[in-house]
Structure formats: structure tokens, C-alpha cells
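All of the numbers you see were taken from the coordinates with simple rules; none came from a lab. Remember, it's a predicted structure, so these values are computed and weren't measured experimentally. Every residue, glycine as well, gets a Cβ built from its backbone with ideal geometry; the counts of neighbours run over all protein chains shown.
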Amino acid sequence: MKTALYDSHQRLGATFTEFAGVSMPLKYTSIKEEHNTVRDRVGMFDVSHMGECKITGPDACDYLEYVFTNNVSNLEDGQVRYGMLCYPNGSVVDDVLLYKESNESFMMVLNASNIDKDINWLSSQQEDYNVTISDVSHSYSEIAIQGPKAEQIMVSLFKDIRTLPFFYFQTWKYNDSELIISRTGYTGEDGFEIYGDHASIITLWQSLLDKGVTPIGLGARDTLRFEVNLPLYGHELTDQWTPLEAGYSFAVDLNKDFIGSSVIKKQKGHLKRRTCGLSLVKKGIMRQGYPVFFNDQQVGFVTTGYLGISTPGSFAIAMVDAPYYKIGQALEVEIRGKRYACNVIKKQFHKKNYKKIGG
Amino acid sequence: MTMTYYSESHEWIKVDGTIATIGITDYAQHALGEIVFVELPDEDDDVEKDTEFGAIESVKAASDLFSPISGTIIDVNRDLEDEPELLNDDAENIWIIKVEMSDLEELNELLNKDQYLKICE
């Protein structure tokens with residue numbers, strides 16, 4: 001499968017990779033260069049492979065309180081909230097963004113690798129609720145523009161974008177159509193995510209290229225999110241452990257009941273394992289799946305690892321058994337049969353740089 | 001006289017008497033992408049034909065380095081510890097290890113330049 005922007009990526013000389021069955025640009029020039037461009041200036045990603053679904057109807061709020069781990073009742077119209085969908089055993093179906101249009105109309109943005117699974121899951125849980133769930137992924141393309149200069153670029157196209165607060169969205173007229181723009185992102189920098197029909201997004205992408213915005217591939221998308229401790233489903237989030245074990249308690253509101261909440265509430269305060277940050281003492285690279293040891297006992301495994309790009313060092317996020325996940329603990333990672341010393345550190349290897357302004 | 005051979009795993013081998021100097025080809029560095037780390041063996045380690053002696057890591061993945069010949073390592077290019085990207089810049093001229101070969105017959109199983117270029121097609 002291809003996104004609407006595929007031809008542009010080809011013309012730009014992208015190296016492609018398959019992600020969730022879609023041909024996506026891995027990089028255009030170099031992952032490190034693209035990563036640094038986003039941190040220093042601005043870059044844009046084709047994220048059209050992501051899924052979108054509409055949840056509408058009189059019971060939309062109640063239904064979402066039930067399936068979504070985070071608070072729905074205090075969402076304003078125009079607000080976005082990050083959260084997860086969980087199974088009854090507390091493990092994760094997917095992490096999602098929830099956009100509230102009105103009490104009876106929401107959009108949920110899903111990971112590309114989980115679209116069918118999520119839609120099936122959401123449909124399977126709607127029996128007692130008067131809601132309609134529709135998969136509208138094929139109707140939308142999406143661009144994420146991220147970096148300290150993202151707002152400056154966007155202002156030249158969307159006059160009042162400056163007043164859009166972090167984790168809020170609005171619709172803007174664009175050509176003969178409409179775009180949904182939210183101040184959200186997956187890089188730890190200020191930026192926007194823009195959803196629209198394919199033709200509009202193709203036009204917008206070209207306009208942004210003409211303004212000198214650098215296209216960025218999925219390679220840098222992963223190194224950017226990793227440095228600021230944002231999770232990737234299949235790595236930090238899976239159907240094998242809960243959001244608390246994954247270390248993302250801010251995605252979960254334990255003051256309410258939701259599918260999986262009873263299990264999660266029971267384990268709060270006495271987690272048997274949790275993710276932590278690792279820093280290698282000497283040179284090397286830690287990768288997903290590499291085992292983590294305390295003396296001769298395996299106590300965990302790496303979920304994602306990279307050499308730092310914005311912050312020097314060799315880092316990983318790892319799922320580690322209690323009590324070894326505490327900051328300062330000395331552990332070892334096995335890399336190709338040899339043990340390398342590492343220390344447990346904070347998971348945010350690089351500081352986030354969001355722009356927070358009033359509404 | 002130095003003879004140059006190639007392996008199917010995209011290494012070049014320059015042989016002078018019994019000493020083999022080994023590196024990776026331009027095709028290999030291009031396929032790997034940005035090289036960010038090289039795991040090197042030590043001097044005096046033994047290597048065995050078709051057995052892994054180290055690794056090259058790009059941003060996203062690790063690739064094993066396979067020795068095209070057997071012998072004992074007599075020199076390791078430590079420049080690659082601080083500047084792994086040298087392999088992207090000039091793979092055909094940047095050596096990784098030098099080996100005192102134990103079995104010159106093994107050279108008969110390697111490829112010449114034309115044979116190597118054919119496998120790259």
C-alpha cells in the first residue's frame with residue numbers, strides 16, 4: 001500500500017521501508033540529519049498511514065469512558081487527549097489520541113499497525129451503547145510538522161494558528177476543503193498534526209516543501225520519540241503488560257472504571273516490573289529484545305535502544321523486574337553474547353520542548 | 001604483489017603474501033546506511049572462515065561481519081571506534097582488520113572483481 005504522498009517521496013529520493021504494510025519513507029538524506037533538523041528548525045512527516053475512526057451518537061461519552069483509559073468527561077469541545085484502549089486483563093490494545101468535537105462526536109487516531117484490531121475491538125465493546133463506530137482511515141491523509149520553527153511556517157498559511165493551545169484542535173478552511181489541525185506531535189518539539197482529504201494534503205505538502213520545510217522519514221520519527229520517552233506500540237506498549245508497567249501512568253485515570261481498570265488499580269503501588277532507562281557505560285548499542293541481567297539472573301529486556309543523537313550516549317528503554325528498575329541500579333545488557341555494564345537512569349534522555357500557551 | 005578478492009558477504013580482501021587486509025565494499029556501506037558503531041575484535045584473536053568476527057551497526061540495525069578467511073588478527077583499525085562513519089565515506093579504502101592467514105587455499109573460494117560485481121546486480 002502507498003500513501004497519497006508516495007510520488008513526492010520518490011521524487012525527493014526517499015529510501016522506502018514497509019511499515020504496517022505501507023511503503024513509507026525511512027529517510028530522505030540521513031536519519032541523524034533529519035533528526036537534528038527537527039530539533040533545530042522544522043521538519044514534516046507523512047503520517048497518512050495512521051488510522052482515524054469516528055465515534056458518534058448519544059452514548060459517545062459514556063462509551064468512551066468505558067473503553068478509553070483516560071478521562072473523557074472533563075474534555076472540552078476542541079480538546080485532544082492521549083490515552084489507551086485496554087483489554088480486561090489490563091494489557092494494551094493500542095495507544096490513541098481522542099479528539100472531542102462535541103458530546104456526540106469524537107475522532108480517535110490509531111496506530112497504523114493496529115487499525116483493524118482497534119476497529120474490531122471498539123466494535124466488539126459497543127453493544128450496550130447507542131454509538132456508531134466508523135473507520136474513516138481511507139478518507140484522511142496526514143502531515144505532522146514539528147520543530148521550534150513549525151509555528152512560524154504555519155502562521156504563513158493559517159493566520160490564527162498562534163492561539164491554538166497544546167493538545168487542542170480546530171478546523172481550518174483550505175482550498176475548497178477543510179483541514180483538522182491539532183497542536184500535538186510525537187517528537188517532543190512544538191508542532192502540529194494536520195488531517196485532510198488526500199488532494200488537500202498533497203497540495204499542503206507541496207506548499208510546505210516550497211516554503212523550504214525539510215521532509216523527515218520514519219527513521220528519525222523513531223529516534224526523536226525515543227529520546228523524549230514517548231512509547232511505540234509493539235515496543236513499550238503491548239498486550240503483555242499494563243500501562244502502569246509500561247511506565248505511562250499519565251495515560252490512565254484511576255478515578256474511574258474502564259475496561260482493564262480493576263487489574264490496573266490492584267497493581268498500583270506494587271508493580272512487579274516496570275520500564276526504566278538504561279545508559280551503557282562503554283560504547284555499544286542496545287536493541288529491542290536484548291536481555292538485561294543482574295549478576296547472572298535475567299531481570300528484563302530492552303524495548304527500544306539507540307545511540308543518542310540530541311544527547312550523547314547509548315541509551316535504551318527496558319522492561320525490568322522489581323526492584324531492579326530503580327534509578328542508579330547497576331545492571332548489564334547482553335549484546336551479541338557479551339555482557340556490557342549499564343546504569344538505570346531517567347527515561348527522558350532529552351528534554352521536551354513543547355510550547356505551552358493559554359487558550 | 002597485492003591481490004584483491006571479494007566475498008559474497010560484501011567484504012574486500014587485499015592479500016600480500018600471507019597477510020590479508022579486510023574491509024567492506026561500497027555496496028555494503030550503502031546498504032547499511034549511516035554507520036554509527038563498529039564492534040571490533042582484538043589483536044591476537046583467531047578468526048575462522050565464514051565465522052563472525054565483529055559487527056557494524058547502523059542507526060536502526062546491527063549486521064555481523066564474517067571473516068572470509070581463517071587466521072590470527074595482527075592489527076585492528078581503532079580509528080573506527082571514534083569515527084565509524086569513515087566506512088560510509090570511503091569503504092573501499094578503509095580497512096577493518098589485518099589477518100595472518102593460516103590457509104592460503106581458502107583464497108580459491110573467494111571471488112574476483114567481475115564475479116563480485118555480478119552478485120551485486
Screening A:188, A:219 for residues that are under 26 Å from residue A:345 (Cβ atoms) and within 14 Å of chain B (Cβ to nearest Cβ) leaves only A:219
Give all pairs with beta carbons closer than 6 Å in which a residue from the stretch A:121-145 that is touching a residue at least 12 places away in the same chain (Cβ under 8 Å) meets a residue that is among the hydroxyl-bearing types (Ser, Thr, Tyr); count only pairs at least 6 apart in sequence or on separate chains. A:129/A:63; A:131/A:63; A:132/A:56; A:133/A:123; A:140/A:195; A:141/A:48; A:142/A:48; A:142/A:195
Would it be correct to say that residue A:96 is more than 26 Å from residue A:207 (Cα to Cα), without any contact (Cβ under 8 Å) to a residue 60 or more places away in the chain and touching a helix residue (DSSP H, G or I) at 6+ places or on another chain (Cβ under 8 Å)? yes
Result of the Cβ filter at 6 Å on the stretch A:189-209, keeping first residues that are under 19 Å from residue A:34 (Cβ atoms) and partners that are in a loop (DSSP other than H, G, I, E, B) and of a type in the set (Val, Ile, Thr), at least 6 apart or interchain, is A:193/A:184
Residue ID - farthest from the other protein chains (Cβ to nearest Cβ), chosen from residues in the stretch A:23-50 that are in contact (Cβ under 8 Å) with a residue 40 or more places away in the chain and surrounded by fewer than 18 Cβ atoms within 10 Å (Cβ to Cβ): A:41
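Residue-wise test of (1) surrounded by 16 or more Cβ atoms within 10 Å (Cβ to Cβ); (2) in contact with a Leu (Cβ under 8 Å, 6 or more places away or on another chain); (3) of a type in the set (S, T, N, Q).
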{"site": "A:151", "(1), (2), (3)": "yes, no, no"}
{"site": "A:159", "(1), (2), (3)": "no, no, no"}
{"site": "A:163", "(1), (2), (3)": "no, no, yes"}
{"site": "A:169", "(1), (2), (3)": "yes, no, no"}
{"site": "A:178", "(1), (2), (3)": "no, no, no"}
{"site": "A:188", "(1), (2), (3)": "yes, yes, no"}
{"site": "A:192", "(1), (2), (3)": "yes, yes, no"}
{"site": "A:197", "(1), (2), (3)": "yes, no, no"}
Given the conditions (1) in contact (Cβ under 8 Å) with a residue 40 or more places away in the chain; (2) surrounded by 21 or more Cβ atoms within 10 Å (Cβ to Cβ); (3) over 27 Å from residue A:16 (Cβ atoms); (4) within 14 Å of chain A (Cβ to nearest Cβ), report the number of the one that residue B:81 does not fulfil. (2)
Set A:136, A:131, A:155, A:109: member being within 24 Å of residue A:40 (Cα to Cα) and of a type in the set (A, V, I, L, M, F, W, C): A:155
I need the helices (runs of 4 or more DSSP H) fully contained in the stretch A:108-219, keeping only those with at least 1 residues that are closer than 30 Å to residue A:259 by Cα and among the acidic types (Asp, Glu). A:115-124
So residue A:55 passes all but one of these: (1) farther than 27 Å from residue A:188 by Cβ; (2) under 21 Å from the mean Cα position of the chain (by Cα); (3) part of a helix (DSSP H, G or I). Which condition number does it fail? (3)
